[in-house]
Amino acid sequence: MTNPTTRNRTAGPTGRRALTAAARAAAKRAERATGSVDAAAEHTEERPSGRTVLVKAPKDGWEDPPEPSVEPERDDDEEESPAVRRPPRPLVALLGVLLVAGLVALGVVGWQYQEGRQAQEARGEALAAARKTAPVVLSYDYRRLDRDFGRARGLLTGKFSDQYRKTTAGVVGPAAKKYHAVVRATVATASVVSASPDKVRVLLFVNQVTESTQVSGSRLDLNRVRMTMNHTADGWKVGAVDAL
């Protein structure tokens with residue numbers, strides 16, 4: 001029969017050696033685990049701050065897991081680059097309307113300026129033409145009526161030329177022949193009443209000297225005449241004559 005005391009003594013040193021080896025292995029594992037934790041903590045401290053993007057792992061797992069990507073945080077107070085910023089659409093539409101309105105206004109101003117300049121030129125031309133035309137239209141000599149009336153009609157527009165012809169042929173001509181009338185007209189002064197590029201109204205103060213068998217000597221008449229001058233392809237011509 002085996003002595004229990006002897007078995008315990010024999011197994012004692014061996015058991016202590018096994019326990020010591022297990023303790024050393026556990027200590028090494030704890031040391032490795034502690035080192036891994038420290039390394040992970042150190043790696044975490046070195047990693048820049050920001051938002052981490054999580055990537056879903058594939059079904060079979062990662063052979064070489066990717067490093068987590070870090071997206072830098074954006075400062076909300078940071079202004080966008082001028083090249084990126086765009087004006088809002090209502091502002092763009094308003095700018096377009098203002099641009100069109102400005103172009104229209106510029107066109108109107110340009111047209112008004114052009115018309116005003118042309119009207120100013122017409123004033124001078126029509127006034128000079130009226131001063132030359134009035135003596136021809138308002139003068140005649142009973143001895144050469146056809147020539148005088150013919151010259152006058154060449155200075156008139158179509159409708160007024162027809163009216164002038166009818167009046168001189170039906171009234172003025174027969175009276176001039178009957179009383180041997182000679183009328184000479186001169187312009188004392190003239191001024192423009194209204195003007196546009198194609199039509200100018202001129203007020204003339206005309207002196208008419210009349211000689212006939214009805215008066216002894218000569219008679220001077222001071223007349224005011226409003227003459228409408230129309231611009232034609234042949235220059236300025238008389239469109240109407242009104243005695244005032």
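Condition check: surrounded by 15 or more Cβ atoms within 10 Å (Cβ to Cβ), assigned to a helix (DSSP H, G or I) and in contact with a helix residue (DSSP H, G or I) (Cβ under 9 Å, 6 or more places away or on another chain). Does A190 satisfy that? No: the conditions fail for A190. Among the residues of segment 193-244, none is identified as outside any strand (DSSP E or B) and in contact with a Gly (Cβ under 6 Å, 6 or more places away or on another chain). Does segment 143-155 include one or more residues that are within 16 Å of A128 (Cβ to Cβ) and touching a residue at least 24 places away in the same chain (Cβ under 8 Å)? There is at least one residue in segment 143-155 that is within 16 Å of A128 (Cβ to Cβ) and touching a residue at least 24 places away in the same chain (Cβ under 8 Å). Scanning segment 126-170 for residues that are of a type in the set (D, E), surrounded by 15 or more Cβ atoms within 10 Å (Cβ to Cβ) and assigned to a helix (DSSP H, G or I) returns a single hit, D148. As for segment 173-185, it holds no residue that is under 25 Å from A233 (Cβ atoms), not in a strand (DSSP E or B) and not hydrophobic (A, V, I, L, M, F, W, C). With respect to being surrounded by fewer than 17 Cβ atoms within 10 Å (Cβ to Cβ), charged (D, E, K, R), closer than 23 Å to L204 by Cβ and modelled with pLDDT under 95, E115 falls outside the description.
The values are calculated or read from the model by the stated rules, or taken from the named source; none is laboratory data. It should be emphasised that the depicted structure is a prediction, and the values quoted were computed from it without experimental measurement. Heads up, the Cβs are rebuilt from the backbone with ideal geometry, glycines too, and the neighbour counts pull from every protein chain shown.
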